[in-house]
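Asks: Mind having a look at this structure? Questions to follow.
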Amino acid sequence: MKKVMLVFGTRPEAIKMCPLVNELKGRTGIKTVVCVTGQHRQMLDQVLAAFDVTPDYDLSLMKEGQTLFDITTGVLNETKDVLTKEKPDVVLVHGDTSTTFAAALACYYLQIPVGHVEAGLRTYDIYSPYPEEFNREAVSCISSYNFAPTRLAADNLIREGKNPETVFVTGNTVIDAMKHTVTDDYSHPELDWVGDKKLILITAHRRENLGEPMHSMFRAIRRVLEEHPECRAIYPIHMNPVVRKAADEELSGCDTIHIIEPVDVFDCHNFEARCHLCLTDSGGIQEECPSYGKPVLVMRSVTERPEGVDAGTLRLVGTDEETIYNNFRELLEDEKAYEAMAHACNPYGDGNACKRIADVLEKGSCEPWNV
Ligand code: UD1
Ligand code: UDP
């Protein structure tokens, strides 16, 4: 029996790893062990509850105002004991967070093979997204299994010299998660408040956007909302106090925007499925909204998810106030521009990514997802 340990710590990793935990638990040839670092707390616990996953280990590392040094050294030191005790045959990490990087590094030091879920996304600028691009590239140096969500991501890895036999095109596990979250009969008091107005969904949290870029983003959004009373915005705000302070300074008193606590994954996906458009700097939302044909204005200068841009559903608008203002207004005022972006496409998966990853771990191969 192969022992597979999954290590993750933040909300997006959990949303994309919990469906895999549940798939692996159903495999007879695999013993599954879950270790959460607790890099996030409340936002992680929301996801664990939603997918009914109880970790075997919880390192409870989160501190308010934690630095990259805190997270990296905390995860590196604390995973050491768990890995030494459990001696897994393989450890799965996800994506690009500091939990991901430090857990993979701990495995490398202990010579435990690593499987990288959502491997191969690239901007090739280690300062954007920061520190995620570095984290993801560094894990690729260590990993023995590379589960690429798309052909493009797999090609990046192979071009960089990864052995093609270790690279598997699986689709993104978030598309698997969405099969269970979005329902027709969904309701929520915030959607009652929106009524028949246009729902604008907003999220923001990127480290490189903290400070003036985030203030510019919020100012642009407020200006457009004040000029467009046909819109109602819902902003489930990240728990980072720095984000909260900026939002409070720029958005308070605007009565067509509701800033609410982080919602669970069922709410978030159902809000996405019902919104008119989304403004975000999130990674995961860039993958989810295209499935519903919801235009996304991505408040970043580069993205490691170009598939949605090529498909026409994502538009990169950076963090400059005038650029965001102009693009947001255009999508509200120019029907043709809106319609050109609003078509459903699924560049990120077919909902069977977890099955493919489990097949590779259990049987050594899988039917690739071809796009
Ligand atoms: C982290 C990841 C980022 C990912 C994001 C998803 C790193 C360096 N960053 O960034 O890649 O896109 O998660 O959201 O790995 N906080 C709480 N409760 C929570 C979560 C956060 O209070 O449940 C607060 C804490 O004060 C914490 C701060 O938010 O110190 C920032 O959290 P942190 O994980 O350091 O950074 P994120 O911006 O969330
Ligand atoms: N999300 C959520 N509740 C929220 C905001 C986001 O469940 O209040 C989900 C969203 O659907 C996506 C993921 O969290 O799956 C994105 O997380 P985040 O933006 O924090 O991180 P990133 O994807 O940028 O790493």
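Asks: Counting only protein heavy atoms and using a 1.4 Å probe, what share of the accessible area of the chain belongs to carbon plus sulfur, as a whole percent?
Replies: Reported share for carbon and sulfur atoms: 50 percent.
Asks: If you roll a 1.4 Å probe over the heavy atoms of the protein chains, what accessible area per residue do you get for the chain, in Å²?
Replies: 40
Asks: What are the aspartates and glutamates whose alpha-carbon lies under 13 Å from the alpha-carbon of K162, with same-chain residues fewer than 8 places away excluded?
Replies: E137
Asks: Can I ask one more? Would you grab the residues whose amide H sits under 5 Å from the one on Y130? Only those 5+ places off in sequence or on another chain, please, with H modelled 1.01 Å from N.
Replies: Here the answer is E208, since their amide H atoms fall under 5 Å of that of Y130.
Asks: Quick one, could you list the DSSP H helices from the chain stretching 24 Å or more along their long axis (Cα atoms) with average Kyte-Doolittle hydropathy of -1.0 or above?
Replies: 68-86
Asks: Which of rounded, prolate, oblate describes segment 292-371, given a ≥ b ≥ c as roots of the alpha-carbon gyration tensor eigenvalues and a/c under 1.5 marking rounded, otherwise prolate only if a/b is larger than b/c?
Replies: prolate
Asks: Calculate, for F266 and E165, the FRET efficiency according to 1/(1 + (r/R0)^6) with r their C-beta to C-beta distance and R0 41 Å; round to the nearest 0.05.
Replies: 0.60
Asks: Shifting gears a bit: Find the relative contact order for segment 226-371 and round it to a whole percent, using C-alpha pairs within less than 8 Å whose residues are 6+ positions apart.
Replies: Rounded, it is 16 percent for segment 226-371.
Asks: Do any GluC sites (Glu not before Pro) in segment 168-242 lie in a loop, going by DSSP, with at most 11 other beta-carbon atoms within 10 Å of their beta carbon, and if so which?
Replies: Here the sparse-neighbourhood loop sites are E230.
Asks: What percent of all Cα-Cα pairs in the chain falls in each 20 Å bin, counting up from 0?
Replies: 30, 59, 11, 0
Asks: Let me ask something additional. Divide by every residue of the chain the summed helix terms, -39500 (n - 2.57) for each DSSP H run of at least 4, and state the resulting mean residue ellipticity at 222 nm, rounded to the nearest 500 deg cm²/dmol.
Replies: -13500 deg cm²/dmol
Asks: Against the 2.2 N^0.38 Å scaling, with N counting residues, where does segment 21-80 land? I'd like the Cα-based Rg ratio to two decimal places.
Replies: 1.28
Asks: While we're looking at this one, here's another question. Cα-Cα over 20 Å: which of K31/K63; K25/K80; K3/K80; K31/K87; K3/K355?
Replies: K31/K63; K25/K80
Asks: Which value results for Rg/Rh of segment 164-245 when Rg is the Cα radius of gyration and Rh the Kirkwood radius based on the inverse mean 1/r?
Replies: Reported Rg/Rh (Cα atoms, Kirkwood Rh): 1.10.
Asks: Continuing with the same structure: How about K336: which lysines have a C-alpha closer than 28 Å to its C-alpha, ignoring those fewer than 8 places off in the same chain?
Replies: The reachable lysines, counting only those whose Cα sits under 28 Å from K336, are K197, K198, K294.
Asks: Now for a different question. Could you grab the relative contact order for the chain? Cα pairs under 8 Å, six or more apart, rounded to a whole percent.
Replies: Computed value for the chain: 16 percent relative contact order.
Asks: Could I ask something else about it? How far apart, in nanometres, would the label points at R274 and Q42 be if each is projected 7 angstrom from Cα along the Cα-to-Cβ direction?
Replies: That separation, rounded to one decimal, is 2.3 nm.
Asks: Further question on the same structure: For segment 1-78, what's the relative contact order in percent, using C-alpha pairs closer than 8 Å and at least 6 residues apart?
Replies: 31
Asks: If you average the alpha carbon positions of segment 242-314 and of segment 73-127, how far apart do those two centres end up, in angstrom?
Replies: Comparing the Cα centres of segment 242-314 and segment 73-127, I get a distance of 28 Å.
Asks: Let me ask you something else. Which shape class, rounded, prolate or oblate, goes with segment 7-146 when its Cα gyration tensor gives a ≥ b ≥ c as root eigenvalues, a/c under 1.5 marks rounded, and past that a/b bigger than b/c marks prolate?
Replies: Rounded, because the longest to shortest axis ratio a/c is under 1.5.
Asks: Then there's this: With +1 on each Lys and Arg Cβ and -1 on each Asp and Glu Cβ, how big is the dipole of segment 118-240 about its Cα centre, in debye rounded to the nearest 20?
Replies: My answer is approximately 220 debye.
Asks: In Å, the Kirkwood hydrodynamic radius of segment 234-294 over pairs of distinct alpha carbons?
Replies: By the Kirkwood definition, the hydrodynamic radius is 12.6 Å.
The values are calculated or read from the model by the stated rules, or taken from the named source; none is laboratory data. Computed from a predicted structure; not experimentally measured. FYI the Cβ positions are ideal-geometry reconstructions off the backbone, even for glycines, and counts take in every protein chain you see. Protein only, heavy atoms only, side chains kept; ligands, DNA and RNA dropped before computing areas. Shrake-Rupley method; radii C 1.70, N 1.55, O 1.52, S 1.80 Å.
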